[in-house]
Each structure stands twice: as C-alpha cells, then as structure tokens.
Amino acid sequence: MAGRQSSFDKFLQFFSSLKCGLLLLGLLGGAVILGTFILQRPMAQDGQIEQVYAPQIVSLLNAVGLFDVFHTWWFILLLGLLGANITLASLERFPQVWRLYARPHYLADPAFIRALPFQREIPLGPHSPDDGMTLAAQKFENLGYPPKRDVLSKGTLYVEKHRLVRLAPYVVHASLLIIFAGAIVDGTRGYKGFVTLRPGSSTDVIEPMTAPGTRHHLGFSLRCDAAGMEPYPDGSPRQYWSQLTVLENGREVMKQKIYVNDPLTYKGVRFFQASLGSTGIPRKLVMEASWPENGVEKRQTLTLAPGAPALLDNRGTTVALADFIPDYVLRGNQITSQSDDPVNPAIHLQVTRPGAPATNAWILAKSPDLNPPNDTGMKFRFVSVDMHSYTGLQVAHQPGQWLIWAGCLLLTTGLMMALYLSHIRIWGIVGLDRKGQPALLLGGQPSKYRENFERKFHELTDEVENVLVNMPAVEIEESPAA
C-alpha cells in the first residue's frame, strides 16, 4: 500500500527519536550510578570486595559485570547505541540548519521587515534614500555592527553576528560522539593493573585489575633501580619515589624517577607511584654484642645480613642471622609476624665457636626484659635495621584518553556558544512608513534571549535615528559600500 511505512522505517524513526535518546541516556546514567556506588575492581584493594560483600552477592555481581561496569560489553554497547541515536537525530535535522547557516536570507522588502518580531521606522528627514541608507550603515559600523557591503549595494542593510551559534548543538553532539568513542576505545583496548617490584628486579607482564587471573604482556620490561621515601622534618612520609628503567630488546631506552603525581609514560602505558612497603626481609641489621672476658666486659657492633655471618672476635667466633620476624606476636607457643614492617622485631641469632656446637639467642627488640631463650653466654642489643623494600606501581593504559579530553574541550566550547551567544540579524531598507512618508525600515530577529536583543535593538536604532534627524545632508561622508 502506497505511503505505508515498513517495519524498518518505523524502527529507524523510533531509534533516531528524542524518546529513544532519553531512554538510552537513562540506562547509561543508571549504569554509571551503579558503578559509582558498587566497589569497582580497578579501584579496590586486594580482597576488599570479598570483605565487603557476601559470597553470594560477589558471585551475582561478578556474573553481570557490576564490579567493573565501565569495561563490560553491555556498557560499551549502550555507549555505541546512544552515539548512533545522536548521529541519526543530527543527520535528520542538520540539512535545514546548514541551509540557514550557509545561505542566510540577506535581502528584505517592507512585508518581510514588518513580519519580524522587532521593528523600527525612522524618518529620513532631509536626506535622500541613498544618503539615509549610507548614514545608517556608517553608524552601525561605528557601533561595532558592520553591515555586509555586497548586500548594501543591492539596497538592503544587513547586519549579523554569531552565525556560528546555529551549529552549537551539533558541536555538542560531535563532542559527545568523540567522548563516547574514547570511552569505547578505553573499554575495549585499555587496562589497569598493579605491579610490585623490589629494587633490582624487573617485569614485562602485569595482571590487569579488570581481568583477575590473566596476564598482560607489556611488550617491554620495566626495572626498579631504587625506591624510597622523602620524609617531613618529623619523620612522617611526605612522598614516595621510584627510580625506573625501561628496557626493550635488552637495551635501556628510558630512565625516570617517578613520584605519586609524576608518572613514567612509555608507549601509552603510564606507571604511577602508588605505595612503598617492606618485604619483611632485612637488608642490613645492626646489633651490639657484649660478653665477659678475663673479668672485663667486651663490646662489639655487628652488621648482619641474611646468609652473611659476621666475625665476632679474633678467635673465629661468628654470629649469623638465623631468623628475623619483623612484627612478632605470640600465639600460643609460636612466634609469628602480623606485618612486614619492623614494628616489633624478634631476632634469632646463631653463634658458632671453633670446635663447639652452635648456640642460639633470641632478641626481642622492644621487650628486652622478657628474657627470651639465650644459651650463647652473650648479650645482644638491637640497634637498627634496614629492610628490603618494594615499590607498588599502578599501571594504566588508556588509549582513548586523548579523545575524551578533546571531546570535553569541544563540549565546553559548544556549551559556551549555546548558552552565552545568540545569532542576531538586523535588516534595513528604505521604504514608506505607515503614514506614507519616506523612512528607514529596520527589523531584527535573535535566535534566543529576546529581552536582551530588544534592549540592544532599541539602543542601536536610537543612535541611527539621532544621526538621521540631526545631521545635515551636506555632512554625509562617503558610503562604506563605495
């Protein structure tokens, strides 16, 4: 049947409609709200999700992807559908707007002027029609509203400002499409991860937070050369740092010292300083030993390290670090550590004398009065410890970020144009006023902000009337159209 819409046409009409756009925007907004209030794996600490939610809830939310909303297939699909809706809606309405922008209505006649929302009839006074038009054009130009000279030569005074505002909605639409494209690229090709490195160690793989249990190859190696902390005067941490080296094909290609807000970036992958911690293994332990010898107490400072005994005296006695518990706590008859930081060290030393079996001593650095086991015949006092540390690096590859930032900049431009500017047009011709007398007929039309335009229109036309009424004909300057 002629004129009957097909099912596809009906679908296309609905899909490009405002109603469909609002529906998709609502679904997308709901997903963003869920991603805001539910812990997301890229931002959560290890084990935090399992601590907050019950196992059944974890399984359910994992199944629908709500622990990583912004990388799920359905969130990316919603972005794509909303982008398609914006594109189709823009294509449907754009030709009419483009015609208005590319081919504006320049020429006017009395009927056209009188149909405009703002009008003014100004008597020509002693001036001829050509001189009156020339005077009005000069005054508009002096006031910052220059008429189009090619149109003026055809008998119409045409003033226009901010025509580009007509395209502001499409600038906003284009910016949203660019932002969506960046988000889709990030969601499909981007990743975030975390890696820990000890000074001297390197890695070329990370475990993405968005896909636990998987490994992502970087395509290059990252080595930690050093890591440390810059303290405040009172000793509290001011900032952490890491000295990193990028290696590719066995060759050093980049070195950089990074801080919390100063990452290393290589091939689009950024490495942020996230944490610094102790491995629980001492790099250097300083102890003071004392023992009686020939009625005199002798003392010696020892520097120990795992696997590196220290010589105690000239008789070949050695002291070795057998065990180091950085933050000990007694649980029954067992000594265990509740952290890797040397908060409350328990130290096991082994003393070996030539030709004698090894003897052992336990030293509790913060509780020396507890008299832990010691059959060495010596006393030991804890002095200091320097721990092996690790640096925690947050890894981010977000290839769509430049698109998102460009889209945000364009969005700001489009919104500023749409909110603060108005496309204004003023026409003027010489004709007869309502009394049948020669007059300059002026009319104006804004795209918005009618009250502001009305005030400006009256200010401009008052100035033009003042010139036409008060200036003698002999003082007219050369026409700007000449």
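The values are calculated or read from the model by the stated rules, or taken from the named source; none is laboratory data. Computed from a predicted structure; not experimentally measured. Glycine gets a Cβ as well: all are built from the backbone with ideal geometry, and neighbour counts include every protein chain shown. Note: accessible area is taken over every heavy atom of the protein model, side chains too, but ligands, DNA and RNA are not part of it. Shrake-Rupley method; radii C 1.70, N 1.55, O 1.52, S 1.80 Å.
Observations
- Å² of accessible area per residue within the stretch 184-315, as computed with a 1.4 Å probe and no ligands counted: 55
- Carbon/sulfur fraction of accessible area - the stretch 15-81, other protein chains in place, 1.4 Å, %: 72
- Taking 0.36 nm per residue of sequence separation and removing the Cα-Cα distance, the residue 48/residue 409 pair yields an extension gain of 126.4 nm.
- Within the same chain, aspartates and glutamates fewer than 8 places from residue 267 are excluded, and of the rest, those with a Cα less than 14 Å from its Cα are 204, 248.
- With θ taken as phi - 60° and the Karplus curve 6.51 cos²θ - 1.76 cosθ + 1.60 applied, the whole-hertz 3J(HN,Hα) list for the stretch 143-150 is 8, x, 10, x, x, 6, 5, 5 Hz, x standing for glycine and proline.
- With respect to the chain, whose longest principal axis is taken over its alpha-carbon atoms, helix 450-470 is tilted by about 40°.
- The alpha-carbon positions of the stretch 1-83 define a convex hull whose volume is 106 Å³ per residue.
- Relative to its residue count, the stretch 87-242 spans a Cα convex hull of 311 Å³ per residue.
- In nm, spacing of pseudo-spin labels at residue 229 and residue 103 (7 Å Cα→C-beta vector): 7.3
- Calculated [222 nm] ellipticity per residue, helices only, for the chain: -11000 deg cm²/dmol; basis is -39500 (n - 2.57) per DSSP H run with n ≥ 4, divided by all residues, nearest 500.
- When each of 284/379; 148/456; 284/366; 192/284 is checked by Cα-Cα distance, pairs over 25 Å: 192/284
- Pairwise centroid distance, computed over Cα atoms, of the stretch 320-351 with the stretch 1-71, Å: 50
- Axis of helix 73-102 versus longest Cα principal axis of the chain: the two differ by about 20°, to the nearest ten degrees.
- Rounded D (µm²/s) - the chain, Kirkwood Rh over Cα pairs, Stokes-Einstein at 4 °C, 1.567 mPa s: 42
- The spacing between the stretch 379-418 and the stretch 436-464, judged by their C-alpha centroids, is 55 Å.
- For the stretch 17-145: accessible area per residue (Å², 1.4 Å): 57
- Here the accessible area of the stretch 352-476 is 57 percent carbon and sulfur, with a 1.4 angstrom probe and all protein chains present.
- Among the trypsin sites (Lys or Arg not before Pro) in the stretch 325-430, those placed in a DSSP loop whose Cβ has at most 15 other Cβ atoms within 10 Å are 366.
- Angle of helix 55-64 to the longest C-alpha principal axis of the chain, folded into 0 to 90 degrees and rounded to 10: 40°.
- Percent carbon-and-sulfur accessible area, the stretch 84-168, ignoring ligands, DNA and RNA, probe 1.4 Å: 55
- Residues whose placed amide H lies under 5 Å from that of residue 376, excluding near-sequence neighbours: 360
- Computed label-point distance, nm, for sites residue 34 and residue 293 using a 7 Å Cα→Cβ extension: 7.5
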